[in-house]
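Here the structure comes first, spelled out in C-alpha cells, and everything after it is commentary.
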Amino acid sequence: MVKINKDYLNLQGSYLFSEIAKKVNAYAQANPDKEIIRLGIGDVTRPLPPAVISSLHSAVDEMGRAETFRGYAPDLGYEFLRNAIAENDFIKRGCNIAADEIFVSDGAKSDSGNIQEIFGKDNVVAVCDPVYPVYVDTNVMAGRSGKYDCEKGGFEKIVYMPCTSENGFAPEFPKTVPDLIYLCFPNNPTGATIEKDVLQEWVDYANKNGSVIIYDAAYEAYISDQNVPHSIYECEGARECAIELHSFSKNAGFTGLRLGYTVIPKDLVREGVKLHSLWARRHGTKYNGAPYIVQRAGEAVYSKAGQAEIKETINYYMRNAAYILDGLKKAGYTVSGGVNAPYIWLKTPEGLTSWEFFDRLLTKANVVGTPGVGFGAHGEGYFRLTAFGNYEATVKAVDRIVKL
Ligand SMILES: *Cc1c(COP(=O)(O)O)cnc(C)c1O
C-alpha cells in the first residue's frame with residue numbers, strides 16, 4: 001500500500017487568509033449596508049504597463065506565424081531576457097553577475113519554495129520571525145523542521161530570528177549557527193529594510209560559517225533610500241555565499257502573468273560542488289521554462305518606456321503608503337515600514353492581540369488588514385496594512401481608522 005509523505009502532516013493549517021475571509025464574509029452578511037475596505041491584500045491592483053501589453057500583443061502574433069513560432073523555451077530562459085536582467089539589475093548597479101548565472105522562472109514563490117531541494121535534509125534552517133510562510137512550509141514538507149511546538153509557536157528544528165521593534169525589525173545572528181539563512185529585504189510583512197553595511201555583516205557571517213543565504217529581493221523596486229542595497233551582490237563576497245530571488249510581480253504587476261528569476265553565482269560552491277550546476281540540473285529536469293510571450297513581456301519592463309511606467313505605478317502605491325504612515329502616526333499609532341516597501345507594520349494599541357485589533361478594525365472602521373501573528377509568533381501584537389489598494393479607498397480607510 002502506498003505511503004504518503006508524512007512530513008506534510010507536520011504542516012500547520014494555513015488559517016490566516018481563510019480565517020480573515022471567513023470573518024469578513026460573516027461581517028459583510030450581517031451588515032450589508034457597510035462598505036468594507038481591504039488593506040490586507042498582498043496582491044497588486046494597478047494594470048500592467050502599456051509597454052508590457054504592447055510586447056505581449058506582438059509576441060502573441062509571433063506565435064501565430066510559422067516563421068516566428070516558438071516551442072519549448074530554453075530551460076534557463078531566453079538570452080534576450082537574461083541579458084536585459086544582467087545588464088539592468090546587476091551590471092548597472094556595479095554587481096558582477098553574468099547572464100548565465102540567471103535562471104528565469106514563473107515567479108519567486110516557486111523558486112523560494114523549490115530552492116531548498118538542492119540542499120541536504122539535515123541542514124539547519126533560519127528564518128526571520130515574522131516571516132513569509134513559504135520559506136518555512138517548504139522546509140516542513142522536505143522534512144527539515146521537526147514537529148510544531150505550540151509553546152514555542154514554531155517548529156522544533158527551525159531557528160527563528162525575532163524581528164521586533166527592539167531590534168528595528170532586523171534579525172540578529174542566532175545562537176545556533178544555521179546552514180541555510182532566508183532573508184527578505186525590503187521585508188514582507190514588516191516593510192523593514194537593512195542597510196548595506198548590515199547586509200555585509202550577514203555575508204561575512206555566512207562566508208565564515210559556510211552557510212548559504214537565500215536573499216528574497218521581491219520588493220527591491222520600492223527602495224528609495226540610498227543606503228539600502230537593491231541586491232545582496234552589492235556586498236563583498238556575496239558571490240561565494242548567496243542566492244538571490246527576484247520577481248516581476250510587485251515591481252511590474254505580473255502577479256497574474258507570472259515571471260521571476262533566481263541568481264546563483266558560479267563561485268557559490270559547497271562540498272566541492274557548484275550550486276549553479278545542481279539548480280541547472282533541477283531546472284532542466286523539472287521545469288520547461290516560462291512562456292515565450294511572458295519572457296518578452298519581462299524584457300519590455302527594462303525598456304525605457306517600461307521603466308518609466310513601472311516607476312509611475314510604484315509611486316502610486318507609495319503615495320498610499322505615505323498617506324497610511326502619516327495618518328496613523330498623527331493618530332498616535334506606532335508604525336514602521338512604508339518607506340522602502342509597500343507594507344506598513346503597526347503596533348496594536350492598548351496591548352490588543354493581533355486578532356483583537358483585526359476585529360476592532362473590521363467592526364468599527366470596516367477596514368480589513370492582516371494580523372501580524374499570522375506571520376509568526378513575534379508578529380503577535382502587530383498588524384500589517386498594504387499600500388496596494390486604490391488611492392481614494394486608502395484615504396477613506398485611513399480617515400476611518402484615525403477617527404476610531
Ligand atoms: C510577493 C512575494 C514574492 C513574489 O512571488 P511571485 O511568485 O513572484 O508572485 C516573493 N517573496 C515575497 C516575500 C513576496 O511577498
* Quick check, is ILE264 over 15 Å from ILE194 (Cβ atoms) and aliphatic (A, V, I, L, M)? -> yes
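Okay, residues lined up against (1) in a strand (DSSP E or B); (2) over 30 Å from ASP179 (Cβ atoms); (3) touching a residue at least 24 places away in the same chain (Cβ under 8 Å); (4) not basic (Lys, Arg):
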| site | (1), (2), (3), (4) |
| --- | --- |
| ALA218 | no, no, yes, yes |
| LYS250 | no, no, yes, no |
| GLY284 | no, no, yes, yes |
| ASN315 | no, yes, no, yes |
| ARG319 | no, yes, yes, no |
* To do: Taking the options ASP33, ASP75, ASP43, name whichever one is away from the ligand (no atom under 16 Å from the Cβ), at pLDDT below 95 and either over 25 Å from the mean Cα position of the chain (by Cα) or not hydroxyl-bearing (Ser, Thr, Tyr) (or both).
  => ASP75
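Listed here are the residues, each with its yes/no results for (1) under 23 Å from ALA290 (Cβ atoms); (2) not hydroxyl-bearing (Ser, Thr, Tyr).
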{"residue": "SER105", "(1), (2)": "yes, no"}
{"residue": "ALA108", "(1), (2)": "yes, yes"}
{"residue": "ILE115", "(1), (2)": "yes, yes"}
{"residue": "ASP122", "(1), (2)": "no, yes"}
{"residue": "TYR135", "(1), (2)": "yes, no"}
{"residue": "THR138", "(1), (2)": "yes, no"}
{"residue": "ASP149", "(1), (2)": "no, yes"}
{"residue": "GLY154", "(1), (2)": "no, yes"}
{"residue": "ILE158", "(1), (2)": "no, yes"}
* Structure fact -> Per the filter on the range 110-127, residues closer than 20 Å to PHE17 by Cβ and either surrounded by fewer than 18 Cβ atoms within 10 Å (Cβ to Cβ) or within 11 Å of the ligand (Cβ to nearest atom) (or both) are SER110, SER112, GLY113
* Asked: What do you reckon, is GLY298 within 15 Å of the ligand (Cβ to nearest atom), closer than 29 Å to LEU39 by Cα and modelled with pLDDT of 95 or more?
  -> yes
* Structure fact -> Considering residues that are without any contact (Cβ under 8 Å) to a residue 40 or more places away in the chain and in a loop (DSSP other than H, G, I, E, B), the number found within the range 230-248 is 4
* Structure fact -> Filtering the range 244-285 for residues that are within 30 Å of THR68 (Cβ to Cβ) and either within 16 Å of the ligand (Cβ to nearest atom) or under 23 Å from the mean Cα position of the chain (by Cα) (or both) leaves a count of 19
* Asked: What number goes with the only condition from (1) within 28 Å of SER211 (Cα to Cα); (2) touching a residue at least 12 places away in the same chain (Cβ under 8 Å) that THR255 does not pass?
  -> (1)
* Asked: When both residues are 6+ apart or on different chains and their Cβ atoms are under 6 Å apart, which pairs have a first residue that lies in the range 362-383 and is on the phi > 0 side of the Ramachandran plot, and a second that is buried (at least 22 other Cβ atoms within 10 Å of the Cβ) and not in a helix (DSSP H, G or I)?
  -> GLY376/PRO130; GLY376/VAL131; GLY381/THR348
* **Residue in the range 303-320 that is modelled with pLDDT of 95 or more, touching a Gly at 6+ places or on another chain (Cβ under 6 Å) and surrounded by 23 or more Cβ atoms within 10 Å (Cβ to Cβ) present** => no
* Looking only at the range 390-400, count how many residues are within 18 Å of PRO371 (Cβ to Cβ) and surrounded by fewer than 23 Cβ atoms within 10 Å (Cβ to Cβ). => 0
* Failed condition for LEU199, given (1) more than 11 Å from the ligand (Cβ to nearest atom); (2) touching a residue at least 40 places away in the same chain (Cβ under 8 Å); (3) of a type outside the set (S, T, N, Q); (4) out of contact with any His (no Cβ under 9 Å at 6 or more places or on another chain), with all others met? -> (2)
* **Enumeration of residues in the range 42-76 that are surrounded by 15 or more Cβ atoms within 10 Å (Cβ to Cβ), aliphatic (A, V, I, L, M) and within 30 Å of TYR343 (Cβ to Cβ)** => VAL44, LEU48, ALA51, VAL52, LEU56
* Return the total of residues in the range 166-193 being more than 15 Å from the ligand (Cβ to nearest atom) and in a loop (DSSP other than H, G, I, E, B). => 10
* Would you pick out the residues in the range 87-104 that are within 16 Å of the ligand (Cβ to nearest atom) and either over 23 Å from THR285 (Cα atoms) or within 15 Å of the chain's Cα centre (by Cα) (or both)? -> ASP89
* Structure fact -> Over the range 204-221, the set of residues within 16 Å of the ligand (Cβ to nearest atom) and more than 18 Å from CYS128 (Cβ to Cβ) is ALA221
* **Tally, over the range 202-212, of residues that are touching a residue at least 12 places away in the same chain (Cβ under 8 Å) and surrounded by fewer than 20 Cβ atoms within 10 Å (Cβ to Cβ)** => 5
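The values are calculated or read from the model by the stated rules, or taken from the named source; none is laboratory data. As the structure is a computational prediction, the values presented were derived from the model and not from experiment. So basically every Cβ, Gly included, is an ideal-geometry build from the backbone, and we count neighbours across all protein chains shown.
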